[in-house]
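For reference, the structure discussed in these notes is given below.
The values are calculated or read from the model by the stated rules, or taken from the named source; none is laboratory data. Remember, it's a predicted structure, so these values are computed and weren't measured experimentally. With ideal geometry, Cβ positions are generated from the backbone for all residues, glycine too; neighbour counts draw on all protein chains shown.
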Amino acid sequence: MTTTIETDLKDILIRIDRKLETIDNSLVELKLNQSEIKGNLRALDERLSGQIHALDEKLSGQISSVDQRLSGQISSVDQRLSGQISSVDERLSGQISSVDQRLSGQINAVDEKLSGKVNVLDEKVTGFGKRLENQEFINRSILAALIIALIAGAAKLFGVLPNP
């Protein structure tokens, strides 16, 4: 009778060893998947950083070119107005000031449009960051759920949880 009990214990130990090996293999696969996800996140982060830098450089170039163009236009308009002011009588000074106000309004309107566009682009960049944060949260949640499922399966396998 003792030989039967020993044989049964050996069989049980062999089955437990097999299940532990299966759990170890699953854990290795999870670690590999986690490192692959980290690599994908790093690649995505690098790609987004490159795009953000390229967009920033492009916007800087556009803003400086618009600024130069506006400066040139303002200086040319200022020179024209200076020439007219010197040649015009004192009664026309009121008309020159109205033209100056109108031009200032247009410059302010263009400046407001440009600052609005910069704000919109800044919001888009912030949106990219939020999307990346959401993706990281989802990935962590999935990994946590998988680990909890493995722990629950191991607990049920070893009899910590009763079978229904």
Being closer than 13 Å to residue 128 by Cβ, without any contact (Cβ under 8 Å) to a residue 60 or more places away in the chain, assigned to a helix (DSSP H, G or I) and of a type in the set (S, T, N, Q) is the requirement here; does residue 49 meet it?
yes
Of everything in segment 85-122 that's part of a helix (DSSP H, G or I) and acidic (Asp, Glu), which residue is modelled with the lowest pLDDT?
90
Which condition from (1) under 30 Å from residue 108 (Cβ atoms); (2) surrounded by 12 or more Cβ atoms within 10 Å (Cβ to Cβ); (3) within 24 Å of the chain's Cα centre (by Cα) is the one that residue 73 breaks?
(3)
